[in-house]
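Student: Could you have a look at this structure, given as structure tokens, before my questions?
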Amino acid sequence: MQIESLKVFCDLAETESFTKAAQINGVTQSAVSQQISSLERQFKSLLIERSKKRFRLTREGQALYDYSKQIIATYESLHNRLQELKDIISGTIRVATIYSIGLHDLPPYIKRFLKSYPTVNVHVEYQRANQVYEDVLSNVVDLGLVAYPSKDSKLEIIPLRKDPVVVITHPEHPFAKQKSVKLKALAGQKFIGFEPDIPTRKALDKALREKGVHVRYVMEFDNIETVKRAVEIDAGVAIVPQTTITQEVVSQTLAAVPIEDSGLHRPLAAIYKKNKVLSPAMKQLLALLKEGN
């Protein structure tokens, strides 16, 4: 029996998915099944109730999971401590991020990080916000990057910074000639927005409601890039984080207009599972990300 087998078992117990457990550990689903079978032979106990309807640990499986988590945490703490004593920063960091952060905020930090720690492999996945939370909680990734972080007793939330938001328009739109606009000026405008379940959309809708402003949503998308493309063809106006439209403003395909009276900003945060043992590489990456705070 090896530590790796116990980790695979714990990942399976937490994700309730052979596919995800295989993905986390970089092995095949068949290998996961073989390792579970090997543990069952080792302990002469059935660990998982085999059922197509639901995934459930047996009493013996639950006991193995509880003790295995302690063993793995102790092992990872030892491994990380030895790396710290040797000043070694290496390994793999798996990051899940929403599209806007991954495309516009994260790249310069990753570039600086890899320049300082070239032996670290940073694997970045772009996801919708709900999937980022799910992947962090199920240990598919080590770290998540989100906007408007949701409190969760199972998560550690590290505030990073607050991005100002602006109104974006086609360069020929009347707003484009103004130095700033008030939220009330958006009333009745054709509006390009994010889909209703996206945290940024929820925050913007709340701000508009509080000001008594009604906008006409004519298009809704799940990512910032499509929102910008719709505004570029003059399908409507939108409110987006200022950091996401730098290139378009320079190339004059979009105009960005500050919002005069809203005090709106988009808080960004890093999230990871509570009680997770942070590797030296993760600690360094988090420290770098917090520098922008």
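The values are calculated or read from the model by the stated rules, or taken from the named source; none is laboratory data. Model, not experiment: these values are computed from the prediction. Every residue, glycine among them, receives a Cβ derived from its backbone with ideal geometry; neighbour counts consider all protein chains shown.
Student: Val8 versus (1) in a helix (DSSP H, G or I); (2) at pLDDT below 90: which is the lone unmet condition?
Tutor: (2)
Here is a yes/no grid of residues against (1) assigned by TED's automatic domain parsing to the domain that holds Gly26; (2) touching a residue at least 60 places away in the same chain (Cβ under 8 Å):
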site: Arg41; (1), (2): yes, no
site: Ala63; (1), (2): yes, no
site: Gln70; (1), (2): yes, no
site: Ala73; (1), (2): yes, yes
site: Pro108; (1), (2): no, no
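Student: Could you tell me which residue of region 243-274 is farthest from His123 (Cα to Cα), considering only residues that are over 18 Å from the mean Cα position of the chain (by Cα) and among the polar types (S, T, N, Q)?
Tutor: Per the stated criteria, the residue is Ser262.
Student: A follow-up question, please. Criterion first (in contact with a Leu (Cβ under 7 Å, 6 or more places away or on another chain) and outside any loop (DSSP other than H, G, I, E, B)) does Leu145 satisfy it?
Tutor: Answer is yes for this residue.
Student: Same structure, new question: Anything in region 109-139 that is of a type in the set (Asp, Glu) and not in a helix (DSSP H, G or I)? List them, or say none.
Tutor: Glu125
Student: Still on this structure, I have one more. Kindly check whether there is at least one residue in region 157-175 that is touching a helix residue (DSSP H, G or I) at 6+ places or on another chain (Cβ under 7 Å), in a strand (DSSP E or B) and acidic (Asp, Glu).
Tutor: yes
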